[in-house]
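Report on one structure; see the data block that follows.
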Amino acid sequence: MNNLLKNTARFVLFLLVQIVILNEVPPIHQFITPYIYFLFLLWLPFGTSRISTTLLGFIFGYSLDIFTKTPGLHAAACGLMGYLRPIILNLLLSQEASEEVSKEPSIATMGWGPYAFYAFSLTFIHHFYLVLLEWLQFGNFGYFIGKVFFTSIISLLLIFSVELIMNRRKLKR
Amino acid sequence: MKNIIGFIRQNFTFFSFLILQILSLVMLSSNSKTHETFFGGWSNQVSGNINQYYSSWTYFFSLKATNEKLAAENVALRNQLAQNFVGFDTTKKLGTLILRKDSLEKIRKFYYYPAKVVGNTFTLQKNYIVIERGSKQGIKKDMAAISPDGSIVGVVVEVNENYSTIMSLLHRNSKVSAMFKRDKIAGSIEWDGADPNILVLKNISKSAAPKVGDTVITSPYSSNFPAQLMVGRVTSVIQDPSSNFLTLNVKAGTNFFNLEYVYLVENRRMEDQNKVNIKEAVNE
């Protein structure tokens with residue numbers, strides 16, 4: 001499938017999953033909000049330029065903001081994520097591997113360890129910034145630390161279960 | 001000059017990142033009143049349409065529960081019909097001249113509109129409800145929303161032609177004036193973001209001595225909510241020795257998880273009432 005087509009489909013799909021399913025799940029606790037929509041940004045091909053990941057992150061986050069009625073909250077977090085993504089990829093991969101357009105970050109292309117680090121660091125950055133912005137509006141320090149910690153754990157669990165279910169290795173061949 | 005342009009061109013990515021961040025922070029820092037200036041009418045229309053499509057599916061699966069609720073409400077209303085009540089039997093009591101009915105002319109203050117809920121969140125820190133009824137169908141800003149069982153839901157904050165957005169009680173900025181049914185001592189209902197079932201009643205004087213299980217209803221001070229509507233019941237009292245006021249946890253009377261219909265209440269004298277209110281926007 002064409003790269004552009006595939007990523008457009010993912011854009012819509014991840015937004016729908018977040019809005020229609022995850023935002024409707026009755027909350028277990030104040031600290032736990034299941035977030036997975038930003039997996040779209042994690043799965044963009046290696047060669048995507050820095051400016052386009054930043055812009056895409058902003059647009060993607062803003063699209064979610066329209067539905068959750070929080071103008072700028074997710075847009076800011078996803079913009080930061082898109083901006084920092086190439087730095088982390090460059091840390092983990094060799095120069096030529098990180099510029100290959102046809103491949104995208106996954107367990108198959110990066111290996112378990114690097115992919116886990118990649119997913120963890122970006123998830124953490126996203127939640128840290130998102131909850132920080134929330135904290136500036138209301139809440140306290142305990143809310144901030146607790147929510148960053150527990151929401152990151154839930155997000156990572158979701159990401160790895162999606163990886164196991166989707167098994168993108170087979171789709172590649 | 002050439003150097004500056006060169007510098008910007010070199011760090012073009014960084015600058016565009018910075019601009020986007022500033023843009024989103026500006027949007028975020030303005031409060032919900034300037035919402036529509038950033039989103040505009042179109043985004044509400046788009047999200048409203050998608051929400052409506054989605055709710056047409058979920059609505060089908062809850063038809064049975066909705067039917068039961070409507071039937072129960074019909075029974076409640078039927079019980080209030082005037083024909084259910086009879087006047088005194090004046091033949092047995094001699095000399096009863098007191099009229100049961102108030103002969104003074106009455107003016108309608110509150111007017112009710114029904115609306116279908118097409119979008120509802122309760123998992124976030126700032127929750128909104130989207131309804132399929134807008135300015136074309138008579139909805140105005142600051143109208144109150146109540147659920148079919150008569151407990152309060154929220155206040156309209158955003159209106160376009162066919163859809164409106166209600167700020168749910170489950171919103172960190174929501175504030176509604178409420179009082180105890182027993183002794184009429186008033187405070188304000190807010191939400192601390194923890195549990196969608198539990199609201200927080202603040203600024204209750206320590207002389208009130210509330211008990212667990214006390215009913216909390218809306219107070220007559222509110223300009224958008226009619227008085228005496230159900231808010232919830234007290235579940236626990238938080239004692240704070242450093243303050244002169246009590247804070248109470250209140251179990252919400254509304255079930256925010258399965259809202260299908262809400263009624264919107266228009267206060268036809270709101271403008272007049274707000275003009276003389278000393279403290280503006282006691283309840284948002």
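The values are calculated or read from the model by the stated rules, or taken from the named source; none is laboratory data. Since the structure is predicted, the reported quantities are computational estimates derived from the model, not experimental observations. Heads up, the Cβs are rebuilt from the backbone with ideal geometry, glycines too, and the neighbour counts pull from every protein chain shown.
A few comments on the model shown:
- The residue list B:N197, B:N173, B:N162 contains one member that is within 13 Å of chain A (Cβ to nearest Cβ), modelled with pLDDT under 90 and either under 15 Å from the mean Cα position of the chain (by Cα) or surrounded by fewer than 21 Cβ atoms within 10 Å (Cβ to Cβ) (or both), which is B:N173.
- Matching entry among B:V262, B:V216, B:V234 (being in a strand (DSSP E or B), away from chain A (no Cβ under 14 Å) and in contact with an Asp or Glu (Cβ under 6 Å, 6 or more places away or on another chain)): B:V234
- For the range B:208-228, filtered to residues that are among the β-branched types (V, I, T) and crowded, with 17+ Cβ neighbours inside 10 Å, the residue that is nearest to the chain's Cα centre (by Cα) is B:T218.
- Selection of first residues in the range B:41-58 that are within 9 Å of chain A (Cβ to nearest Cβ) and of second residues that are assigned to a helix (DSSP H, G or I), restricted to Cβ pairs under 6 Å at least 6 apart or on distinct chains, gives the following pairs, ordered by first then second residue: B:S43/A:I66; B:S47/A:I66; B:S47/A:F67; B:Y54/A:V20.
- Failed item in (1) more than 22 Å from A:V17 (Cβ to Cβ); (2) under 18 Å from the mean Cα position of the chain (by Cα); (3) among the hydroxyl-bearing types (S, T, Y), with A:Y143 passing the rest: (2)
- Close contacts from the range A:15-26, counting a first residue that is at the interface with another protein chain (Cβ under 8 Å from one of its Cβ atoms) and more than 18 Å from A:A75 (Cβ to Cβ) and a second that is assigned to a helix (DSSP H, G or I) and at pLDDT below 85, with Cβ to Cβ under 8 Å and a gap of 6+ residues or different chains, come to A:V20/B:Y54.
- For the range A:80-95, the count of residues that are modelled with pLDDT of 90 or more, at the interface with another protein chain (Cβ under 8 Å from one of its Cβ atoms) and surrounded by 24 or more Cβ atoms within 10 Å (Cβ to Cβ) is at least one.
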